[in-house]
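Pasting in a structure now, in structure tokens, and then I'll have a few things to ask.
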Amino acid sequence: MNTPLLPTPYKVSEITEKNIQEYDFSLFADKYPRFVERIHNDSYKFYVVLDKRKVCYYTWISLTHFIFPRYVKEVRKLDVDTAFLFDSQCAKEYRGNGFHSYMNIFRLQKISEANKTKALGLILAGNMPALKVQLKSGMKITHIISTFYCDWLNINKIKFTKYEG
């Protein structure tokens, strides 16, 4: 597998409680409150690609929990040797630079450095670009997840089916 390169002049930074104020999140202003809330959890790692001080791509790792989409009101604990890749997005103005491919390999390396031997990801139906990046990074499809959530009926169902590809 060829390790993708981060194009010049972009750089990667880990965002923490101590440095989050130093960066321009204007391209993701609607998500910034969620970032600030999450950053207090030590088991989450937050990385960004920067154009000077402007965040043009962001991504997360969870070292302890499998995080479902927000409408699924459940979180599951991961095995001790497993980490979870979640919530990545590139700003429209910066798409086509290979950030997702680069950052996927970067996150897998960070997971390895954290003494984890497995990584899980969740790709929403129809997100072929994200699926291609995961497969190119060496990830394999293992399960299909079906969810049904209805707040007013108090229904929250999750079903994992082994992938037979």
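Once you have the Cα-Cα distance between Asn41 and Asn97, take 0.36 nm times their residue separation minus that, and quote the gain in nm to one decimal.
17.2 nm is the gain from fully extending Asn41 to Asn97.
I need the Kirkwood Rh of the chain: take the reciprocal of the average 1/r across all distinct C-alpha pairs and report it in angstrom.
Numbers: mean 1/r = 0.0588 Å⁻¹.
This gives a value of 17.0 Å.
Under a point spin-label approximation (7 Å from Cα along Cα-to-Cβ), what is the Ile141-Glu17 distance to one decimal in nm?
That separation, rounded to one decimal, is 4.1 nm.
How would the stretch 108-165 be classified by its alpha-carbon gyration tensor: rounded, prolate or oblate, with rounded meaning a/c under 1.5 and the a/b versus b/c comparison settling the rest?
Judged from the Cα gyration tensor, the stretch 108-165 comes out prolate (a/c at least 1.5, a/b above b/c).
Something else about it: Strictly over 32 Å apart at the Cα level, which of Lys11/Lys116; Lys18/Lys159; Lys11/Lys73; Lys18/Lys157; Lys52/Lys140; Lys11/Lys157 would you flag in this model?
Lys18/Lys159; Lys11/Lys73; Lys18/Lys157; Lys52/Lys140; Lys11/Lys157
Here's another thing I want to ask about it. How large a share of the accessible area of the stretch 101-165, in percent, is made up of carbon and sulfur atoms when the probe is 1.4 Å and the other protein chains stay in place?
Using a 1.4 Å probe with all protein chains present, the stretch 101-165 comes out at 56 percent carbon and sulfur.
If you count only protein heavy atoms with a 1.4 Å probe, what accessible area per residue comes out for the chain, rounded to a whole Å²?
63
Right, another one. Taking 0.36 nm per intervening residue step and subtracting the Cα-Cα distance, what contour gain separates Arg34 from His65 on full extension?
Between Arg34 and His65, full extension yields an extra 9.5 nm.
Put a dot 7 Å past each Cα toward the Cβ at Glu113 and Phe160; how far apart are the dots in nm?
Distance between the two pseudo-spin positions: 2.8 nm.
Can you tell me the order of 70-83, 99-112, 127-140 when each peptide is scored by its average per-residue count of other Cβ atoms within 10 angstrom, highest first?
Details: 70-83: 13.1, 99-112: 19.7, 127-140: 14.7.
The peptides rank, most packed first, as 99-112, 127-140, 70-83.
The values are calculated or read from the model by the stated rules, or taken from the named source; none is laboratory data. Quick caveat, the model's predicted, so the values are computed rather than measured. Glycine also receives a Cβ, built like all others from the backbone with ideal geometry; neighbour counts cover every protein chain displayed. Side chains included, ligands, DNA and RNA excluded: accessible areas come from the protein's heavy atoms. Shrake-Rupley method; radii C 1.70, N 1.55, O 1.52, S 1.80 Å.
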